[in-house]
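Nothing in this text is a laboratory measurement; each read-out follows from the coordinates by a stated rule. Predicted, not measured: the structure shown is a model, and the values here were computed from it. All Cβ positions, even for glycine, are placed from backbone atoms using ideal geometry, and neighbour counts span all protein chains on display.
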């Protein structure tokens, strides 16, 4: 099957690729939680970078992610 996602994706394409809503992806962008870059005034996402980011996220122990969230809430 041919790869249906382009190397550089828009917010709509990246949200579909990641399986999150556009609103959630914008929230992640504002929180600097997902790798992206600006092209003019539009956000763009490189598929290879997203793939590496997802791999790194999935390699983190779940409790480490929860500990970071708990620490952020206490601040």
Worksheet entry | Length-normalised contact order for the range 8-65 - Cα pairs under 8 Å, 6+ apart - percent | 35 percent
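What ranking of 21, 58, 15 emerges when the number of other C-beta atoms within 10 Å of each C-beta is taken as an exposure proxy, fewest first? Could the numbers behind the result be given before it?
On the way: 21 11, 58 7, 15 19.
Least crowded to most crowded, the residues run 58, 21, 15.
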Worksheet entry | Label point distance in nm, residue 60-residue 12, each placed 7 Å from Cα along Cα→Cβ | 3.0 nm
Practice prompt. Among 51, 32, rank each residue by its count of other Cβ atoms within 10 Å, from fewest to most, as a rough exposure measure.
Written response: 32, 51
Worksheet item: Which shape class applies to the range 8-65: rounded if a/c is under 1.5, otherwise prolate when a/b exceeds b/c and oblate if not, where a ≥ b ≥ c are the square roots of the Cα gyration tensor eigenvalues?
Response: prolate
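Fewest to most neighbouring Cβ within 10 Å: what's the order for 27, 47?
In increasing order of surrounding Cβ atoms, one gets 27, 47.
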